[in-house]
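Structure first, then comments.
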Amino acid sequence: MAGSDSVTVYEALAEAGGMTRYGIPYYRLPPEALDNDVDVIVSMGVEIRYNTRVGSDITMEELQRQHDAVLLAIGLQMGCSTRIPGSDHPRVFRAVDLLRMAGAGEDFETPRQAIVIGGGNVAMDIARTLARLQKQHYHEVKITVLAMEREADFLADPVEIREAREEGIHIIDARGPREVMVENDELTGLKTWRVKAIFDEQGRFAPTYDEADEQFHPGDMVVEAIGQMADVSILGDELTESLEWNRGRIQIDRDGRTAVDWLWAAGDMVTGPDVVHAVADGHRVAASIDSRCQPWRAKRRLVDPSSREAALLTRRAHSARGEAK
């Protein structure tokens, strides 16, 4: 921000980039390209404090005390769960967690056969990531993507669906997950029913199924890619109650300002998963914060007793009082 005293980024993980590093597969956005962008940002004087998790390592109250303005841009780092029987098995993963682990190079034991639940771009991303790992480890691909929607209604871009198939991924539409199957504590697959309808006459989510059309899909890992949400627990109860909300998302004005005068919010957590819009948010919010901070910086310069300007003003004041006498 132009004229700002300092900018500090608090990063919970070991490398900067958020969802662009840990949510976008390496084959789509090479980490080297992201590293170059981060280097440019740091060269401009931005301080990045790595492995510092807001909410545990530092609180929002501390951030408020230490800074004139705070921007919340935490992304959608938490995956949603189907909550079907067996979904609490340790070999059932959320797609965002698995993408983060893959991006960080963590070992999660590449599955021999995996089932991905979901029809969006994230489902295709994790399916293709697992497919490439399977090729490296086992020289074959055994990935099945199951979605409740008809393929024509998938949220994934058509090109993503086509490229997933080109990598050997099997895609089945109109299947509703009913139970993660487990035998002797080992995950063996997923039971599904055919989906007749997803919404009721009022447009509410109320799936109906053909229970007679039941299928078993074998696998040793299940990945849920059915939605993401922000971890707003870092805000604490008091701040959460002070903010305005809309369907689980923080309400902001056009410049990213929240109902609390020192807090802004931007990116995926307020607009949904979209890198282009998140970057645009960053430019707009930076300008808003800079505009807001300019009077504060001017005020600090006037009242800071340690500044040379304050000392000069003090001497002038004393001189003026002496002349008045």
Set GLY248, GLY272, GLY256: member being open to solvent by less than 30 Å² (accessible area, probe 1.4 Å), small (Gly, Ala, Ser), under 20 Å from ALA230 (Cα atoms) and modelled with pLDDT under 90
GLY272
Determine the pairs where a residue that is open to solvent by less than 40 Å² (accessible area, probe 1.4 Å), located within region 20-48, has a partner that is assigned to a strand (DSSP E or B) with Cβ atoms under 8 Å apart, the partner being 6 or more residues away or on another chain.
VAL38/ILE48; VAL46/THR8; VAL46/VAL9; ILE48/THR8; ILE48/VAL9
For GLY23, state whether it is touching a strand residue (DSSP E or B) at 6+ places or on another chain (Cβ under 9 Å) and at pLDDT below 95.
yes
Is it the case that some residue within region 194-204 is more than 27 Å from the chain's Cα centre (by Cα), of a type in the set (A, V, I, L, M) and on the phi < 0 side of the Ramachandran plot?
yes
Per-region count, region 124-157, residues of a type in the set (Phe, Trp, Tyr) and within 15 Å of VAL195 (Cβ to Cβ)
1
Could you list, in sequence order, all residues of region 44-71 that are among the aliphatic types (A, V, I, L, M) and part of a loop (DSSP other than H, G, I, E, B)?
MET44, VAL46, ALA69
Against the condition out of contact with any helix residue (DSSP H, G or I) (no Cβ under 6 Å at 6 or more places or on another chain), at pLDDT 65 or above and assigned to a helix (DSSP H, G or I), how does HIS283 come out, does it pass?
yes
Those residues of region 228-244 which are in contact (Cβ under 8 Å) with a residue 60 or more places away in the chain, out of contact with any strand residue (DSSP E or B) (no Cβ under 7 Å at 6 or more places or on another chain) and not hydrophobic (A, V, I, L, M, F, W, C) amount to SER233, GLY236
Taking region 141-175 and keeping only residues that are more than 26 Å from the chain's Cα centre (by Cα), of a type outside the set (A, V, I, L, M, F, W, C) and either within 27 Å of ASP88 (Cα to Cα) or open to solvent by 80 Å² or more (accessible area, probe 1.4 Å) (or both), one is left with LYS142, ARG150, ARG165, GLU166, HIS170, ASP173, ARG175
Does region 238-257 include one or more residues that are touching an Asp or Glu at 6+ places or on another chain (Cβ under 9 Å) and within 25 Å of ASP97 (Cα to Cα)?
yes
Anything in region 2-19 that is on the phi > 0 side of the Ramachandran plot and in contact (Cβ under 8 Å) with a residue 24 or more places away in the chain? List them, or say none.
GLY3, GLY18
Does THR52 fit the bill of being more than 19 Å from the chain's Cα centre (by Cα) and β-branched (Val, Ile, Thr)?
no
Which strands (runs of 3 or more DSSP E) does region 166-278 wholly contain that include 3 or more residues that are more than 30 Å from ILE74 (Cα to Cα) and among the basic types (Lys, Arg)?
186-199
Which residues, taken from region 120-139, are of a type in the set (A, V, I, L, M, F, W, C) and either at pLDDT below 95 or open to solvent by 20 Å² or more (accessible area, probe 1.4 Å) (or both)?
VAL122, LEU133
With the requirement that a residue be open to solvent by less than 20 Å² (accessible area, probe 1.4 Å), in a loop (DSSP other than H, G, I, E, B) and in contact (Cβ under 8 Å) with a residue 60 or more places away in the chain, what does region 87-119 give you?
PRO111, GLY118
Given the condition among the charged types (D, E, K, R), out of contact with any strand residue (DSSP E or B) (no Cβ under 9 Å at 6 or more places or on another chain) and in a loop (DSSP other than H, G, I, E, B), answer yes or no: does some residue in region 72-84 qualify?
yes
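The values are calculated or read from the model by the stated rules, or taken from the named source; none is laboratory data. Given the structure is predicted, the values throughout are model-derived calculations rather than measurements. When we count neighbours, we look across all protein chains shown, and the Cβ atoms used for this are built from the backbone with ideal geometry, even at glycine. Keep in mind that these areas ignore ligands, DNA and RNA; they rest on the heavy atoms of the full protein, side chains included. Shrake-Rupley method; radii C 1.70, N 1.55, O 1.52, S 1.80 Å.
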